[in-house]
Amino acid sequence: MRVAVFSAKSYDREFLAQVEDRHEMKYLEPRLDPMTATLAIGCEAACLFVNDVADRQALEGLAGAGVRYLALRSAGFNHVDLDAAGELGMRVARVPGYSPYAVAEHAVALILALDRRIHRAYARVREANFSLEGLLGFDLRLRTVGIVGTGKIGLAVATILRGFGCRLLAYDVHQNPDCLSLGVEYVELDRLFSESDVITLHCPLTPETHHLIDEAALAKMKPGVMIINTSRGALVDTPAVIEGLKNRHVGHLGLDVYEEEGDLFFEDQSDRVITDDVFSRLLTFPNVIVTGHQAFFTQNALSEIGRVTGENLDAFEAGEPSGNDLI
Ligand code: NAD
């Protein structure tokens with residue numbers, strides 16, 4: 001089957017090479033959008049990543065080019081208009097749990113780096129500045145961490161932080177028995193906000209979770225709270241968090257995702273002027289670390305994304321369900 005791989009990077013080519021014996025991969029550098037959809041001409045499937053814009057117009061363009069199947073190389077699927085895809089007769093599959101450990105370990109890396117000011121210490125020592133002023137951290141042991149969303153990634157975070165001796169609170173619309181076995185206490189969201197020293201987000205982006213962290217939520221949090229978002233940018237109302245950072249109510253912020261990341265992330269922008277003032281303001285705080293949507297980016301995860309994407313394509317070609325189908 002011919003597959004148009006949008007937003008293709010060198011690492012996508014490397015890890016999708018394992019399916020090239022069965023499928024003809026047409027690697028396309030541009031992101032999918034209504035203008036680039038026609039690049040898929042002659043392909044039965046399109047393989048998409050998180051910042052491809054699979055809205056109705058782009059999907060109509062793909063359908064016009066002959067695409068009948070969307071193979072997402074991501075777990076999240078909030079970037080795809082599933083209603084439109086269904087109406088256009090497309091099937092859609094994702095890679096649900098390629099490596100929850102990759103994302104969980106990155107979330108914990110952000111917690112530790114912010115707590116112990118590793119980003120500042122690294123820069124200082126390279127300038128032969130060995131002063132400890134401003135680097136004071138706290139023990140994670142006995143601190144309360146609130147985990148929002150206790151699916152595969154939330155569970156992996158809970159497992160790691162249990163090892164640090166943290167007290168773990170969680171909020172989810174479904175309780176995960178594995179989290180309960182670890183001693184995680186499920187509470188209402190307001191209680192999680194008011195009791196947590198660290199809040200880490202691991203729920204999907206849905207209409208219910210859009211701007212979950214807004215001005216009202218921040219007002220319920222402890223002064224000095226640390227907020228970590230490795231899930232989806234729009235879970236956080238960024239201007240509200242910037243106000244919280246300015247008035248020092250928010251003590252630390254670690255982001256791997258950003259609501260308007262589509263025009264920024266995954267590209268080298270170092271020669272360009274960044275015109276997003278909200279994003280630029282975030283970068284000015286000493287107690288903020290932003291990474292460019294790299295939490296998933298481990299060898300293990302990419303290898304698994306390649307393997308499962310291949311299986312999804314095989315299943316579609318054979319006219320069988322894949323087990324990872326969204327529609
Ligand atoms: P999952 O489906 O295993 O778990 C998601 C959990 O969120 C489930 O337990 C679900 O019940 C819960 N949930 C759903 N709606 C909720 C709500 N309104 N409030 C609270 N909890 C709710 O998913 P996962 O594999 O753990 O991934 C979680 C998210 O992480 C994905 O949706 C994706 O957005 C993000 N992600 C980010 C990266 C990255 O590189 N930064 C990589 C993979 C996934």
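The values are calculated or read from the model by the stated rules, or taken from the named source; none is laboratory data. Small disclaimer: the values here were computed from a predicted structure and weren't measured. Cβ coordinates were reconstructed from backbone atoms using ideal geometry, including for glycine residues, and neighbour counts include every protein chain displayed. Note: accessible area is taken over every heavy atom of the protein model, side chains too, but ligands, DNA and RNA are not part of it. Shrake-Rupley method; radii C 1.70, N 1.55, O 1.52, S 1.80 Å.
Looking only at the range 108-147, residues that are in contact with a Gly (Cβ under 6 Å, 6 or more places away or on another chain), closer than 18 Å to Phe285 by Cβ and among the charged types (D, E, K, R) come to 2 in all. Here Pro223 meets each of (1) within 16 Å of the ligand (Cβ to nearest atom); (2) in the same structural domain as Ala121 (by TED's automatic domain parsing) with one exception, condition (1).
Within this structure, Leu180 passes the test of being within 15 Å of the ligand (Cβ to nearest atom), over 27 Å from Leu48 (Cβ atoms) and free of Cβ contacts under 8 Å to residues at least 12 places away in the same chain. For Ala315, are the conditions met, namely being open to solvent by less than 50 Å² (accessible area, probe 1.4 Å) and in a loop (DSSP other than H, G, I, E, B)? So Ala315 fails the test. Of all the listed residues (Gly262, Gly254), the sole one being within 16 Å of the ligand (Cβ to nearest atom), outside any loop (DSSP other than H, G, I, E, B) and at pLDDT below 95 is Gly262. Does any residue of the range 210-218 turn out to be without any contact (Cβ under 8 Å) to a residue 60 or more places away in the chain, touching a Ser or Thr at 6+ places or on another chain (Cβ under 9 Å) and within 11 Å of the ligand (Cβ to nearest atom)? Within the range 210-218, not a single residue is without any contact (Cβ under 8 Å) to a residue 60 or more places away in the chain, touching a Ser or Thr at 6+ places or on another chain (Cβ under 9 Å) and within 11 Å of the ligand (Cβ to nearest atom). Only residues that are open to solvent by 40 Å² or more (accessible area, probe 1.4 Å) and under 22 Å from the mean Cα position of the chain (by Cα): list them for the range 233-273, please. Answer for the range 233-273, where residues must be open to solvent by 40 Å² or more (accessible area, probe 1.4 Å) and under 22 Å from the mean Cα position of the chain (by Cα): Pro239, Glu259, Glu260, Asp263, Phe266, Glu267, Asp268. Could you check, for the range 243-250, whether at least one of its residues is outside the structural domain of Gly76 (by TED's automatic domain parsing) and within 15 Å of the ligand (Cβ to nearest atom)? There is no residue in the range 243-250 that is outside the structural domain of Gly76 (by TED's automatic domain parsing) and within 15 Å of the ligand (Cβ to nearest atom). Would you please list the contacts, defined by Cβ atoms under 8 Å and residues six or more apart or on different chains, that run from a residue in the range 59-83 that is closer than 27 Å to Ala301 by Cβ to a residue that is among the polar types (S, T, N, Q) and not in a loop (DSSP other than H, G, I, E, B)? These pairs meet every condition: Ala71/Thr309; Ala71/Asn312; Arg73/Thr309.
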